[in-house]
Amino acid sequence: MATEALVIDWAQMPTYNTIMSVAAGAGLLLVVGLGRAVLHRPKEVAVEGWALAFGVLGVLLTTTGLHMTLTWPLAAGGFPFDNVIFGEPALGFGVLLLAAAFWLWKRGRAALDAPEPLAVLRRTAGPMSVLILGLGLACFAIAAAGVGYELFAAPPEEPISGEFADYPMIEAVFISGLYVLVGVGAVLFPVALAKPRRWVHRVIGVVWGLAGLAFLLFGALNYFTHIGLIVNTMG
């Protein structure tokens, strides 16, 4: 017996977690890159370039995340939890990137030229680490919900990802795993500021680097898979 083709009213299903994923991935990679540069060669950091990069990514994530967070539900066709899973973390990360861009542009050069630049950065980032810790814990909660409710599975009509439609736990574990990686780095961030340890810096760099690369590549792939899903379900 033939199954009825899936038809989606895309006027009720706006989706742009493609650009959000690419921007979030790039943001994580750049945070790791800046951290390594500051640790090893602070005098050589071109703060204006980092400020511009953080500013661009911050605008992308703040605007898309804010719209997704405040438009409830954004995806009225069946995915209202995307507002929480994608919108709110993107908004939080975007605002943090904008704040970092502003500070780097205004104070970055003077801070890195100081006798103890790392001490200056730790004191500056200390109050913000409370929010970063909270976002890290939120990532753990999102990961638990993703596995517990088997979220993130693509329908069969979506190219590539849809091949695993009959095995929803595969994509649930994959995406939830990325949130766990981000959460680990965020939870360790206040530790890195309070008691600097080389192993802590390395763990943060590895988990954020892996998550950033995965989000970047997965978001780029989704430009194909999401376009294919739209074409296959327009009716």
- Query: Projected onto the charge dipole of the chain (+1 at Lys/Arg Cβ, -1 at Asp/Glu Cβ, origin at the Cα centre), which of Phe215, Pro190, Ile230 gives the Cα projection farthest towards the positive end?
  - Reply: Pro190
- Across 10 Å bins from the origin, how do the percents of Cα pairs in the chain run, short distances first? 8, 30, 34, 17, 9, 2, 0, 0
- Message: Looking at the chain as a GNM with Cα springs under 10 Å, which of Leu28, Leu133, Leu57 has the largest mean-square fluctuation?
- Response: Leu133
- Item | Average Cα contact separation per residue, the chain, under 8 Å, 6 or more apart, as relative contact order % | 28
- Item | Sum of side-chain charges, Leu112 neighbourhood, beta-carbon under 11 Å (Lys, Arg +1; Asp, Glu -1) | +1
- If we count other beta carbons within 10 Å of each Cβ, what is the order of Glu48, Glu157, Glu4, fewest first? Glu4, Glu48, Glu157
- Item | Spacing of the two label points (7 Å from each Cα toward its C-beta) at Leu118 and Val231, in nm | 5.2
- Note on the structure: One checks the Cα atoms of the range 71-189 and finds Rg and Dmax, in Å, of 18.5, 58
- Item | the range 54-117 and the range 186-235: distance between their alpha carbon centers, rounded to Å | 14
- Note on the structure: Comparing Ala165, Ala90, Ala138 in a Gaussian network model of the chain (Cα, 10 Å), the one with the largest mean-square fluctuation is Ala165
- Task: Springs between alpha-carbon atoms under 10 Å, Gaussian network over the chain: tell me which of Ala114, Ala143, Ala53 tops the mean-square fluctuations.
- Result: Ala114
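Each reported figure results from applying straightforward, stated rules to the coordinates on display, with no laboratory input. Computed from a predicted structure; not experimentally measured. Neighbour counts are summed over all protein chains in view; Cβ atoms, including those assigned to glycine, are modelled from backbone coordinates with ideal geometry.
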